[in-house]
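All remarks here apply to the structure that follows.
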Amino acid sequence: GSGRTGSRVPLIAAVGVGMTVLGVGAGALLGNPGGDDGGDSDGQTVSATAPASGEASPSPSVDPVREQAVALDGLLADSGDSRTTVINAVADVKACRDLGRAAADLREAAGQRTQLVTDLTGLSVDKLPDHEALTTALTKAWEASASADNHYAAWADQTAGKKGCKKGQARTTGQTQAGNRASVTATAEKKKAAELWNAIAKRYGLTERQPTQL
């Protein structure tokens, strides 16, 4: 009858509203995926908004003058290696003992000083204060030292020959005198070089050196 028809209309309407709510809810869930995989409310991922990792930070500025000073300091550290050998070898020649060994040691030392000159020409020192005067002094010092070593080696050869020694002492020869002159030149140039280098060493906290250490 009419009573049943009237009660069925609200029931149908209620069912329809329920279906609409369910539809809206499902649509909302499908429209916002990824709550567990790093997504956010506007659909962007964390990797898209986070700053990139592993980017290199700016390197600190490098002082090119100090770099050159450090490189030269390394070369100067090797420059005095043969000094003791040379002193001992010359003493042996004077005393007419172990002359062959003395001559060999002196020639080896000469080669080392010549190598120092070669190594110096391979360094960049153009930014160092008074670099021209410094490299000139070092070059002349090492060349003079090499010359002295070679003259003393020749003196050792002469001493080993006939009448080279007298009463246990080596005779003075032209090679001895040439070696002495070259040695004086080397000492003077090393003094100049040490003064120029030590001014640089003080500024950059590097090793200061006496002339005899060059």
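The values are calculated or read from the model by the stated rules, or taken from the named source; none is laboratory data. Bear in mind that the values here come from a model prediction, so they are computed numbers and not experimental data. Heads up, the Cβs are rebuilt from the backbone with ideal geometry, glycines too, and the neighbour counts pull from every protein chain shown. We work out accessible area using only protein heavy atoms, side chains counted, and drop any ligands, DNA or RNA first. Shrake-Rupley method; radii C 1.70, N 1.55, O 1.52, S 1.80 Å.
A few points about this structure:
- Long-range neighbours under 6 Å by Cβ, at least six apart or interchain, first residue within 19 Å of LEU116 (Cα to Cα) and modelled with pLDDT of 95 or more within the stretch 58-80, second open to solvent by 60 Å² or more (accessible area, probe 1.4 Å) and of a type in the set (D, E, K, R): GLN68/LYS127; LEU75/ASP119
- All positions within the stretch 82-105 that are under 34 Å from the mean Cα position of the chain (by Cα) and charged (D, E, K, R): ARG83, ASP105
- Of all the listed residues (THR212, THR207, THR176), the sole one being outside any helix (DSSP H, G or I) and either open to solvent by 70 Å² or more (accessible area, probe 1.4 Å) or in contact (Cβ under 8 Å) with a residue 24 or more places away in the chain (or both) is THR207.
- Qualifying residue in the stretch 160-172 (condition: of a type outside the set (A, V, I, L, M, F, W, C) and part of a helix (DSSP H, G or I)): no
- For the stretch 106-130, the set of residues classified as without any contact (Cβ under 8 Å) to a residue 40 or more places away in the chain and either touching a Phe, Trp or Tyr at 6+ places or on another chain (Cβ under 6 Å) or farther than 21 Å from ALA154 by Cα (or both) consists of ARG113, VAL117, THR118, THR121, GLY122, listed by residue number.
- Candidate set: the stretch 72-95, residues that are surrounded by 14 or more Cβ atoms within 10 Å (Cβ to Cβ) and among the hydrophobic types (A, V, I, L, M, F, W, C); chosen: the one farthest from SER145 (Cα to Cα): ALA95
- Between LYS140, LYS127, LYS190, the distinction of being touching a Pro at 6+ places or on another chain (Cβ under 6 Å) and part of a helix (DSSP H, G or I) belongs to LYS190 only.
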